[in-house]
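Participant: Pasting in a structure now, in structure tokens, and then I'll have a few things to ask.
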Amino acid sequence: YWVEHYKNLGMTFPERPINGAVWGIWSLCFAIGIYIISQKFTLLQTTFLSWFVGFVFMWLVVGNMGVLPLGILPFAVPLSLLEAFLASFIIHKFSRVKK
């Protein structure tokens, strides 16, 4: 989807290994952020704060770059909420076991 979307914009989708590595670093930072947020907030608060930081901020950047594919937002929003919830849930469960 993204490759075709970028092609329609007259751009090349960044698919070099370094781009995948950057997304890996982004994911690690997101997980660390969720862990830090979870230390002060409930599971639902952590979910929504994490979603806002991870999803909303990323899509603001993507929109600012002019590559935002609005057609996938109806799928991306609920799936990203599920992602943020599952990540928060896992971190809350592991944090409680450790204490």
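The values are calculated or read from the model by the stated rules, or taken from the named source; none is laboratory data. Keep in mind that this is a model prediction, so the values were computed, not measured. As a convention, Cβ positions derive from the backbone with ideal geometry for all residues, glycine included, and neighbour counts pool all protein chains shown. Heads up: the accessible areas ignore ligands, DNA and RNA and are worked out on the full protein's heavy atoms, side chains in. Shrake-Rupley method; radii C 1.70, N 1.55, O 1.52, S 1.80 Å.
Participant: Have a look at PHE85, PHE94, PHE89 and point out the one that is open to solvent by 40 Å² or more (accessible area, probe 1.4 Å), among the aromatic types (Phe, Trp, Tyr), part of a helix (DSSP H, G or I) and under 27 Å from TYR1 (Cβ atoms).
Facilitator: Exactly one of PHE85, PHE94, PHE89 is open to solvent by 40 Å² or more (accessible area, probe 1.4 Å), among the aromatic types (Phe, Trp, Tyr), part of a helix (DSSP H, G or I) and under 27 Å from TYR1 (Cβ atoms), namely PHE85.
Participant: I'm trying to understand the selection: among the residues of the stretch 77-99, which are of a type in the set (A, V, I, L, M) and either farther than 27 Å from TYR35 by Cα or free of Cβ contacts under 8 Å to residues at least 24 places away in the same chain (or both)?
Facilitator: VAL77, LEU79, LEU82, LEU86, ILE90, VAL97 - these are the residues of the stretch 77-99 that are of a type in the set (A, V, I, L, M) and either farther than 27 Å from TYR35 by Cα or free of Cβ contacts under 8 Å to residues at least 24 places away in the same chain (or both).
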